[in-house]
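Working notes, structure below.
What follows draws every value from the coordinates through simple rules; no lab data is involved. None of the values given here were measured: they were computed from a predicted structure. Here the Cβ is made from the backbone with ideal geometry for all residues, glycine too, and neighbour counts use every protein chain on show.
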Amino acid sequence: MATYDIDPCRGTLVLENEKFAKNSDGKTVVRVADDDLLAAIGSGPLAGINWDAYTITYNSLTDVVEYYEGGVAGTILITFTATYQTTRKKKVLSGVWV
């Protein structure tokens, strides 16, 4: 998935106009997702996993997201753990799927 830093020197009009696109009928529409995003969603760690609930546990240096089938009392299917540099959680050191 492509990510772009917002340049503070770019005008707000330019940034505002970039949210629009032409659809297959040639009509102007608001862009809500791009092909890179859709491809990433379809091929990411949750692709093919039929989860129906999740929990998030916040700790001082980590956040843990557990995805379940059968609700939160069901079976844990996959877990994501984000580890941060400091307790302020401004810089992510790692993100691990297990």
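How charged is the neighbourhood of Ile56? Take every other residue with its Cβ under 15 Å from the Cβ of Ile56, and add Lys/Arg as +1 and Asp/Glu as -1. Each step should come with its number before you reach the end.
Working: positive: Lys89; negative: Asp63, Glu66.
After counting each charged neighbour, the total is -1.
Below 14 angstrom from the Cβ of Ile76, what's the summed charge of the other residues (Lys, Arg +1; Asp, Glu -1)?
On the way: positive: none; negative: Asp52, Glu66, Glu69.
Result for the neighbourhood of Ile76: -3.
Report the rotationally averaged projected area of the range 47-98 based on its alpha-carbon convex hull, in square nanometres.
Details: hull surface 15.0 nm².
Projected area, direction-averaged: 3.8 nm².
Quick one: what are the phi-derived ³J(HN,Hα) couplings along the range 71-82, Karplus 6.51/-1.76/1.60 with θ = phi - 60°, whole Hz, x for glycine and proline?
x, 5, 8, x, 9, 6, 9, 7, 10, 10, 10, 9
Sorting Asp52, Asp25 on the 10 Å Cβ count, fewest up front, what's the list? Write out the running numbers ahead of the final one.
Details: Asp52 12, Asp25 6.
The fewest-first ordering by Cβ neighbours comes to Asp25, Asp52.
Taking 0.36 nm per residue of separation and subtracting the Cα-Cα distance, what length does fully extending Asp52 through Lys89 add? Write down the numbers at each step before the final one.
Working: separation 37, 0.36 × 37 = 13.32 nm, distance 2.75 nm.
Value of the extension gain: 10.6 nm.
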